[in-house]
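*Asks:* Following this message is one structure expressed as structure tokens.
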Amino acid sequence: MPKKPDKEQKEKELSASQRLSSGVSSIGSFFVRIVRNAFALFTFVMIAVMFTPVANYLARPLIVDMELRSVGVIAVLGGGAYRNGILSGSSNERLLHGLRLYRSGLSEKIIFVGGSVLDQTQKITETVKRDGGEERTPDVVEAAIMMEVAKSLGFDESAMSVDNSSLNTYENLKSVKEYMSEQGFKSCLVVTSPGHMYRAIKVSKKLGMDCSPAPVGDYLRYIGSPVGRLGLMRAVLWEYAAIVLYKSFGYI
């Protein structure tokens, strides 16, 4: 007849089972606490961004004052467009501001610069590649669209030029420099959005260009809606990340 396990053996097995169960329970509780704390932190950050001016304050160091003067050319940097040929809000504000500066007589020439890669991950990859030797095609060319809009508004086509190939801020300014050299222009006004001006003017200085900042008026400080502040925070963080990347590449 098989020998029954003694009482001591049963107690050991029960104790081991209890320890295993307790360990699993502790691990589960630990991960639950992590998830709960992460969710609480995420909620706190979202509320802070949406209902306080933290994003507005973070945008302040990016703002550069306008320095208007007569120059050889006004360079309007593209800010993106949709696949159906509609300019983004950034491109529209830059286009309007650039045309107003041109109409005011600060220059007899205006150049629209840049195309866009729409996928954000690919956009970063293209910047990291830098001058890899491969011919790259933008998804949309907002510079050409801006020129077409300007022509439709009655602006003289002979006074306008367009660069279709550059895909980022560094390439934008590099193309402007090449254009200025070809045309014999010594100076320029750089037109872009307020939060983008700091990086753009730093790139122009690094390239040895005599350019002055002519940003769209600073409206970032007035963004006060919760959704607007979320969008501003995203744009500000993107810009700071781009500045760090450009410094690591020696672009600024």
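*Asks:* Around VAL236, what is the net charge, scoring Lys/Arg as +1 and Asp/Glu as -1 over all other residues with Cβ under 15 Å from its Cβ?
*Replies:* With Lys, Arg at +1 and Asp, Glu at -1, the neighbours total +3.
*Asks:* Report the full-extension gain for the segment GLU148 to GLU67: residue separation times 0.36 nm, less the Cα-Cα distance, to one decimal in nm.
*Replies:* 26.4 nm
*Asks:* What nm value, rounded to one decimal, do you get for the distance between SER165 and SER104 when each label is placed 7 Å out toward the C-beta?
*Replies:* Simple spin-label model gives 3.3 nm for this pair.
*Asks:* Can you tally the net charge around VAL162? Count Lys and Arg as +1, Asp and Glu as -1, for every other residue whose Cβ sits under 13 Å from the Cβ of VAL162.
*Replies:* On the way: positive: LYS109, LYS151; negative: GLU142, GLU148, GLU157, ASP163.
Net local charge, VAL162 excluded: -2.
*Asks:* Another one. Using the beta-carbon distance between ALA241 and SER187 and R0 = 41 Å, what value does 1/(1 + (r/R0)^6) give for FRET efficiency, to the nearest 0.05? Don't skip to the end; give the middle numbers.
*Replies:* Numbers: r = 31 Å, r/R0 = 0.74.
Step by step, r from the Cβ atoms, then E = 0.85.
*Asks:* Can you compute the modelled spin-label distance between ASP210 and VAL54, with each label point 7 Å from Cα toward Cβ, in nm?
*Replies:* 4.5
*Asks:* Ranked highest first by the average count of other Cβ atoms within 10 Å around their residues, in what order do 64-75, 233-244 fall?
*Replies:* Per-residue mean Cβ counts within 10 Å order the peptides as 64-75, 233-244.
*Asks:* Follow-up. By how many nm would the segment from ARG36 to GLU178 grow when fully extended, if each residue of separation counts as 0.36 nm and the alpha-carbon distance is taken off?
*Replies:* Going from the current span to full extension adds 45.6 nm.
*Asks:* What is the packing order of peptides 186-195, 146-155, taking the mean over residues of other C-beta atoms within 10 Å and listing the highest first? Each step should come with its number before you reach the end.
*Replies:* Working: 186-195: 23.2, 146-155: 15.8.
Ranked by mean Cβ neighbours within 10 Å, highest first: 186-195, 146-155.
*Asks:* Rank by packing, highest mean first: peptides 179-185, 78-84, with packing defined as the count of other Cβ atoms within 10 Å averaged across residues.
*Replies:* Numbers: 179-185: 14.3, 78-84: 18.1.
For the peptides 179-185, 78-84, the packing ranking is 78-84, 179-185.
*Asks:* Among rounded, prolate and oblate, which fits region 59-249 when a ≥ b ≥ c are the square roots of the eigenvalues of its C-alpha gyration tensor, a/c under 1.5 means rounded, and a/b larger than b/c means prolate?
*Replies:* rounded
*Asks:* Continuing with the same structure: Pairs LYS151/LYS202; LYS151/LYS205; LYS186/LYS206; LYS151/LYS247; LYS109/LYS205: which are spaced more than 27 Å apart, C-alpha to C-alpha?
*Replies:* Check vs 27 Å cut-off fails for LYS151/LYS202; LYS151/LYS205; LYS151/LYS247.
*Asks:* What is the sum of charges around MET147, taking Lys and Arg as +1, Asp and Glu as -1, for the other residues whose C-beta is under 14 Å from the C-beta of MET147? Present the calculation step by step, with values, prior to reporting the outcome.
*Replies:* Working: positive: ARG94, LYS109, LYS151; negative: GLU142, GLU148, ASP156, GLU157, ASP163.
Residues close to MET147 contribute a combined charge of -2.
*Asks:* Sticking with this one: For the residue pair PHE155 and ILE47, what label-to-label distance in nm results when each label sits 7 Å from Cα along the Cα-to-beta-carbon direction?
*Replies:* 4.7
*Asks:* Size of the dipole of region 197-252 about the Cα centre, Lys and Arg at +1 and Asp and Glu at -1 on the beta carbon, nothing else charged, in debye to 20?
*Replies:* My answer is approximately 140 debye.
Throughout, read-outs are computed from the coordinates displayed, never taken from laboratory work. Computed from a prediction, not measured in an experiment: that's the story for all the values here. When we count neighbours, we look across all protein chains shown, and the Cβ atoms used for this are built from the backbone with ideal geometry, even at glycine.
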